1. If a residue must be part of a strand (DSSP E or B) and among the acidic types (Asp, Glu), how many such residues does the stretch 50-99 contain?
2. Go through the stretch 1-35 and give me each residue that's among the small types (Gly, Ala, Ser) and part of a loop (DSSP other than H, G, I, E, B).
3. Within the stretch 64-80, identify whether any single residue is aliphatic (A, V, I, L, M) and in contact with an Asp or Glu (Cβ under 7 Å, 6 or more places away or on another chain), and answer yes or no.
Amino acid sequence: MPDYLFYYYAFGRRETFDDFGLILSYLYDDAMAVQETSSNTSLVPIQNYLTTPDGDVLAYSATAGSTITTAVPLHDVRGSTIGLLSSSRTLAEQFSYVTSSAWFTEGRADLA
């Protein structure tokens, strides 16, 4: 059984997360998390978030040792993140979602 421990500030924001002894800490700017640090940066990089005042993530960077990875989230019309664009302008990650109330079929889009 996982041994996860979550610690919160009085305002309900997560302060730290303990994942089997690997401690993740969060730095906030007002209500938004802007940095996540780890007790073991060789396993989990330092992560920084550039956000708008509304909380939308404009860019994300992860630093592990001397390697810095930067990505910009790509959104669909609903605002869901569907991918991460790397600093070299390539698709670094891709995500897909299916809502519980949506129906879908597999196959060619022009036949659906």
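Laboratory data are not the source of any read-out in this text; all were calculated from the coordinates shown. Computed from a predicted structure; not experimentally measured. No Cβ is skipped: glycine too gets one built from the backbone with ideal geometry, and neighbour counts run over all protein chains shown.
1. Looking only at the stretch 50-99, we keep the residues that are part of a strand (DSSP E or B), and these are 50-51, 57-64, 67-75, 81-86, 91-94.
Still in the running and among the acidic types (Asp, Glu): 93.
Count: 1.
2. ALA10, GLY12, GLY21, ALA31
3. Within the stretch 64-80 (the criterion being aliphatic (A, V, I, L, M) and in contact with an Asp or Glu (Cβ under 7 Å, 6 or more places away or on another chain)), the answer is no, since none of the residues qualifies.
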